[in-house]
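Right, one structure below, let's go through it.
Throughout, read-outs are computed from the coordinates displayed, never taken from laboratory work. Since we're looking at a predicted model, the values are computed, not measured. Every residue, glycine among them, receives a Cβ derived from its backbone with ideal geometry; neighbour counts consider all protein chains shown.
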Amino acid sequence: MTEPSDTAEELAAWQRRLVQALDEAGELPVDTRGATPFEAHVVYGHGVTLRRYPPRATGGQRRPVLIVYSLVNRPFILDLTERRSLIRALCDAGHPVYLLDWGRPQGADRFLTLADYIDGALAKAARDIRAEEGGAPDLLGICQGGVLALCLAALHPARVRRLVTLATPVDCRTPDDHLSRMAQHVDFDRAARTLGNIPAEWLNSVFVALKPYQLLGQRYAELPELAGNREALHDFLRLERWMYDSPDQAATAFAEFARELYQRNALLYGRLEIAGQRVRLGDIRQPVLNVFAQQDHLVPPPAARALGAHVRASSYEELAFPGGHLGVFISRRAHRELIPRVVSWLAAE
Amino acid sequence: MAASEAFDNEWLRSVGGAGPIPYLWQALQADGGRPGSACAAAFRSLHTQLDTALATLRTLAEGVTGQAGPGEEEAPGWLAPWLQGLARLGPWQEAVGRTQDAQAALHRYTAAYSECATALLEAVRTGLQDLEAQLGEAADDPERTLPQSCQELHRWWTAAGEARHEALLGSERWAAAFGRLTNAATELIGSCQAQLDAGLRHLDLPNREDFIDTQRRLAQLERERSRDAGSDEIKALRAEIAHLREEVATLRRQSEGPESP
């Protein structure tokens, strides 16, 4: 049993460790560059660039993989550290890896539409990779990027060979989807007209408000435990930086995405139109691997698993990962168990 | 000098001691590690603080919606349509209209903010009740262990509080309140923009509308340029295909020439 006098001592010890952790944190470099060097990039306008990471394996080159990341965060979470890098894992397996970096929308980009992203930059990137590598790339779509990848696969099937979706929402009206519920009564078009590009701070506040006790309380209450563990503290700081280093959202595309997907569920019902063309999930015939996280509070499992009932893929597989949304990309368990399975699926002919 | 040397540990201790969880932890310790009278008093005190905050929010909401609080005069609701009508007369009608819109937007925002904050505080209050109940149940159950440190108590609180918060997020009440708050905030910002735009226009300075108009034209020009580039690319490809076909035909003729009879 702890004596009352121990309470003060426990708090004081916690504070001493906090001070030590903050001291150490102050000395650590924190930047938003990925851990893996890339060799070339193509600029598609509006700040969108395509990076190429060369394959690192010596046992022969595999097919190119194009990573399509979400618009709402920066992609360096996929290359957080050398030990926790999805990009490096793919390069090590022999894939030339391409990453479409959406950049940070500026003032005049408020008029960019989903069509500009999907039928523009993404379609061009897939075309350029095919020309460069001699074959259509496999697509690895992550979260919102998975939606963009599904649209490309449905609209331009020749540009996609195989498709992996990671934590990708397809049915945006499942009962346990709190983000979707919160979006139902918001006038996104008016917000886009008034605010212009949607500020990252606004979006981050919404995401944090989904788990405030953990993200604003528990996360920092446990920070002192990292004192003296330089590596863990560095990982913590990199993740912390990533969480709040989000770009503003191009106003028109953001309103379109929120309205069409989260309010009208248009992707699920085949009512989403991109550049005048209907996106029908049934048009996706490529092999699909659908990975979802079992404790995902942003994309609940039913929201991701809805894909299976709508695609007519030549083969469709699901992988359930026991963890949360971010755990899919950065957890040790993901790098030990999940990512090797994704790599193995991509290696199949 | 290292930050730790400069850091005022006394200040840190006072901040830590002022938090609700260290406060509860101290009460739990005063009860000998099992929830008793000190713990019950600490929970009561926290509930009272929350109730005071909730009462303030309710007063704010009632004031905004025109319901008189204690000791206040009845708001002249009948005046509003008359004032709106008045705003349609005279040389300053646009300016008066903008001001009235801004006031209405501010009222809607304040009401929506109060509604959301009330819902959140009620969830915190219910979370605290759950925590108190869980501590009591754990004390009565010899199979279970009570929190052994302030940090562990904090984890109990995070689980109890977050569960109630998530229940609120999953409710239609919260969806509607959040929608109203977001839309009211947008409206309030829009009315401020309208006021500023008008002021800048009077000073012959570029305003938001001017910037957006320029951005729109720029975006249109970029689209046109992109379309033209695409069209040029297709023309070039067609010319190249025609040229290649010609070459193939020539080669075919050359290869067939000597052998043909």
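Give, rounded to the nearest 20 debye, the magnitude of the charge dipole that segment B:208-261 has about its Cα centre when Lys and Arg contribute +1 at Cβ and Asp and Glu contribute -1 at Cβ. Intermediate results must be reported in sequence, preceding the final value.
On the way: 11 positive and 13 negative charges, 27 e Å.
Result for segment B:208-261 is approximately 120 debye, rounded to the nearest 20.
For B:LEU200, A:LEU166, what's the fewest-to-most ordering of other Cβ within 10 Å of each Cβ? Show your work: numbers first, answer last.
Details: B:LEU200 15, A:LEU166 31.
Listed from fewest to most nearby Cβ atoms, that is B:LEU200, A:LEU166.
In peptide A:226-235, what is the residue-averaged number of other protein chain Cβ atoms found within 10 Å of each Cβ?
Numbers: counts 0, 0, 0, 0, 0, 0, 0, 0, 0, 0.
The shielding value for this peptide is 0.
For the protein assembly as shown, state what percent of all Cα-Cα pairs lands in each successive 20 Å bin, counting from 0 Å until the bin that includes the largest distance.
Using 20 Å bins, I get a P(r) of 16, 42, 32, 8, 2, 0 for the protein assembly as shown.
How would you classify segment B:111-209 from its alpha-carbon gyration tensor, with a ≥ b ≥ c the square roots of the eigenvalues: rounded for a/c under 1.5, else prolate if a/b is greater than b/c, otherwise oblate?
Details: a/c = 5.64, a/b = 3.36, b/c = 1.68.
Prolate shape, in that a/c is at least 1.5 and a/b is the bigger ratio.
Mind checking which of A:TYR53, A:THR194, A:PRO29 is farthest towards the positive end of chain A's charge dipole, using Cβ charges of +1 (Lys, Arg) and -1 (Asp, Glu) about the Cα centre?
About the Cα centre, the residue reaching furthest to the positive side is A:TYR53.
What is the mean number of Cβ atoms from other protein chains located within 10 Å of the Cβ atom of each residue in peptide B:29-37, rounded to a whole number? Write down the numbers at each step before the final one.
Numbers: counts 9, 2, 1, 4, 4, 1, 0, 0, 0.
Mean inter-chain Cβ contacts per residue within 10 Å come to 2.
When only Cα pairs under 8 Å and 6 or more residues apart are kept, what is the percent relative contact order across chain A?
Working: 665 pairs, mean separation 74.2, N = 349.
Here the relative contact order equals 21 percent.
Positive end of the charge dipole of segment B:208-261 (Lys, Arg +1 and Asp, Glu -1 on Cβ, about the Cα centre): tell me which of B:ALA229, B:GLN254, B:ILE212 has its Cα farthest that way.
B:ILE212
Quote the FRET efficiency, to the nearest 0.05, computed for B:ASP141 versus B:LEU106 with a Förster distance R0 of 41 Å and r equal to the Cβ-Cβ distance.
Working: r = 52 Å, r/R0 = 1.27.
E between B:ASP141 and B:LEU106, to the nearest 0.05, is 0.20.
Along its three principal axes, how long is segment A:1-131 when you only count alpha carbons? Whole Å, largest extent first please.
71, 46, 28
For the protein assembly as shown, with only Lys/Arg (+1) and Asp/Glu (-1) charged at the beta-carbon, what is the dipole magnitude about the Cα centre, in debye rounded to 20?
On the way: 66 positive and 81 negative charges, 460 e Å.
Roughly 2200 debye, rounded to the nearest 20.
Along the charge dipole of the protein assembly as shown, Cβ charges K/R +1 and D/E -1, which of B:GLY63, B:PHE43, B:ALA159 sits furthest on the positive end?
Of the candidates, B:ALA159 comes out farthest on the positive side.
Along Cα→Cβ, 7 Å out, is where each label goes; now give me the distance between the ones at B:ALA40 and B:LEU205 in nm to one decimal.
Once both label points are built, they end up 6.4 nm from each other.
Please label the shape of chain B as rounded, prolate or oblate, based on the square roots a ≥ b ≥ c of the eigenvalues of the alpha-carbon gyration tensor (a/c under 1.5 means rounded; beyond that, a/b larger than b/c means prolate, else oblate). Each step should come with its number before you reach the end.
Values: a/c = 3.17, a/b = 1.55, b/c = 2.05.
Oblate is the answer for chain B, as a/c is 1.5 or above yet b/c matches or exceeds a/b.
Compute the relative contact order of segment A:1-153 as a whole-number percentage, counting only Cα pairs closer than 8 Å that sit 6 or more residues apart in sequence.
Numbers: 218 pairs, mean separation 39.6, N = 153.
Answer for segment A:1-153 is 26 percent.
Gap in Å between the Cα centre of segment A:152-171 and the Cα centre of segment A:26-59?
Segment A:26-59 and segment A:152-171 have Cα centres separated by 23 Å.
Quick one: compute a quarter of the convex hull surface over the Cα atoms of chain A and quote it in nm². Intermediate results must be reported in sequence, preceding the final value.
Numbers: hull surface 78.6 nm².
Its average projected convex-hull area is 19.7 nm².
Please quote Rg/Rh for segment B:208-261 to two decimal places, taking the Kirkwood radius as Rh and restricting both calculations to Cα atoms. Please report the intermediate quantities before stating the final value.
Details: Rg = 23.4 Å, Rh = 14.9 Å.
In segment B:208-261, Rg relative to Rh is 1.57.
Using the reciprocal of the averaged 1/r over all distinct C-alpha pairs, how large is the Kirkwood radius of segment A:234-306 in Å? Walk me through the numbers on the way to the answer.
Details: mean 1/r = 0.0658 Å⁻¹.
Hydrodynamic radius (Kirkwood, Cα pairs) of segment A:234-306 is 15.2 Å.
Once you list every other residue whose beta carbon is under 12 Å from the beta carbon of B:GLU247, what net charge do they have if Lys and Arg are +1 and Asp and Glu are -1? Kindly include the intermediate steps, with their values, before the conclusion.
Values: positive: B:ARG245, B:ARG252, B:ARG253; negative: B:GLU240, B:GLU246.
Spelling it out: positives minus negatives among the neighbours equals +1.
About the Cα centre, and with charges only on the beta carbon of Lys, Arg (+1) and Asp, Glu (-1), how big is the dipole of segment A:203-349? Nearest 20 debye, please.
Values: 17 positive and 16 negative charges, 65 e Å.
Dipole about the Cα centre, nearest 20: 320 debye.
Between B:ASP228 and B:ARG253, what FRET efficiency comes out of the Förster formula 1/(1 + (r/R0)^6) with R0 = 51 Å and r the beta carbon distance, rounded to 0.05? Show your work: numbers first, answer last.
Working: r = 37 Å, r/R0 = 0.73.
The computed FRET efficiency comes out at 0.85.
For a footprinting-style exposure proxy, rank A:ILE67, A:ILE339 by other Cβ within 10 Å, fewest first. Present the calculation step by step, with values, prior to reporting the outcome.
Numbers: A:ILE67 27, A:ILE339 23.
Fewest to most other Cβ atoms nearby, the residues stand as A:ILE339, A:ILE67.
For the residue pair B:ALA198 and A:ARG193, what label-to-label distance in nm results when each label sits 7 Å from Cα along the Cα-to-beta-carbon direction?
Computed distance between label sites B:ALA198 and A:ARG193 equals 1.8 nm.
Using modelled backbone amide H atoms (1.01 Å from N, in-plane), which distant-in-sequence or interchain residues come within less than 5 Å of A:LEU319's amide H?
Result for A:LEU319 returns A:ASN290, A:VAL291, A:PHE292.
Where does each of A:SER85, A:SER70 land when they are ranked from fewest to most other beta-carbon atoms within 10 angstrom?
On the way: A:SER85 24, A:SER70 20.
Taking fewest neighbouring Cβ atoms as first place, the list is A:SER70, A:SER85.
At 222 nm, what value in deg cm²/dmol follows for the protein assembly as shown if DSSP H runs of at least 4 each add -39500 (n - 2.57) and the sum is divided by all its residues, to the nearest 500? Each step should come with its number before you reach the end.
Working: 21 runs with 328 residues, N = 610.
Helix-only estimate at 222 nm: -17500 deg cm²/dmol.
Which net charge results when you count Lys and Arg as +1 and Asp and Glu as -1 among the other residues whose beta-carbon is under 12 Å from that of A:VAL299? Intermediate results must be reported in sequence, preceding the final value.
Working: positive: A:ARG305; negative: A:ASP171, A:ASP176, A:ASP177, A:ASP296.
Once all neighbours under 12 Å are counted, the net charge is -3.
Starting from 0.36 nm per residue, how many nanometres of slack lie between B:LEU83 and B:TYR23 once their C-alpha separation is accounted for?
Details: separation 60, 0.36 × 60 = 21.60 nm, distance 5.21 nm.
That pair, B:LEU83 and B:TYR23, stretches by 16.4 nm at full extension.
Take A:LEU216 and A:GLN294, extend 7 Å from each Cα along the Cα→Cβ direction, and tell me the distance between the two endpoints in nm.
Between A:LEU216 and A:GLN294, the simple spin-label model gives 3.1 nm.
Once you order the gyration tensor axes a ≥ b ≥ c over the Cα atoms, which shape class does segment A:223-349 get: rounded for a/c under 1.5, otherwise prolate or oblate by comparing a/b with b/c? Write down the numbers at each step before the final one.
Numbers: a/c = 2.59, a/b = 1.44, b/c = 1.80.
In terms of gyration-tensor shape, oblate.
Quick check: the distance between the Cα centres of segment A:294-345 and segment B:123-198, to the nearest angstrom?
Taking the Cα centre of segment B:123-198 as reference, the centre of segment A:294-345 is 29 Å away.
What helices does chain A have that are whole DSSP H segments, at least 18 Å long along their own axis by Cα, and with mean Kyte-Doolittle hydropathy of -1.0 or more? Intermediate results must be reported in sequence, preceding the final value.
Working: long enough: A:4-27 (36 Å, -0.70); A:230-244 (21 Å, -0.77).
Sorted by number, the helices that extend far enough and score high enough are A:4-27, A:230-244.
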